[in-house]
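Structure, as structure tokens:
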Amino acid sequence: MTLENYLFLLIISLSIFLIFREVFTWYWKINKQVQLQEETNRLLKELIEKSTKKVESKTININDNLDKTSLNNPEVMEELLRKLNKPE
């Protein structure tokens, strides 16, 4: 066989592989699964960012109060705990 025949065979084989690959991914719905996983990851990242912001805001508010108060006072501690547990 000549180099041209090998090259032709390689191109045909590659084309057939790509066609069958696309058919198999369509049949097994792999493309859709990947798309759904990417969407799930995006939504999870949003949830993490939102929850992190809430925790940071609570921490900042509590730290502001700590500078002004004595933690030895039980009433102050109860108030701080209430603020922490308060739903937003």
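The values are calculated or read from the model by the stated rules, or taken from the named source; none is laboratory data. Nothing here was measured: the structure is a model prediction, and the numbers come from that model. Positions of Cβ are backbone-derived with ideal geometry, glycine not excepted, and every protein chain shown enters the neighbour counts.
Would you check if there is a residue in the range 7-21 being among the basic types (K, R), more than 30 Å from L81 (Cβ to Cβ) and assigned to a loop (DSSP other than H, G, I, E, B)?
no
Of the conditions (1) under 24 Å from the mean Cα position of the chain (by Cα); (2) at pLDDT below 90, R82 fails just one. Which one is it?
(1)
Is it the case that the range 62-72 has a residue that's touching a Lys or Arg at 6+ places or on another chain (Cβ under 7 Å) and at pLDDT below 90?
yes
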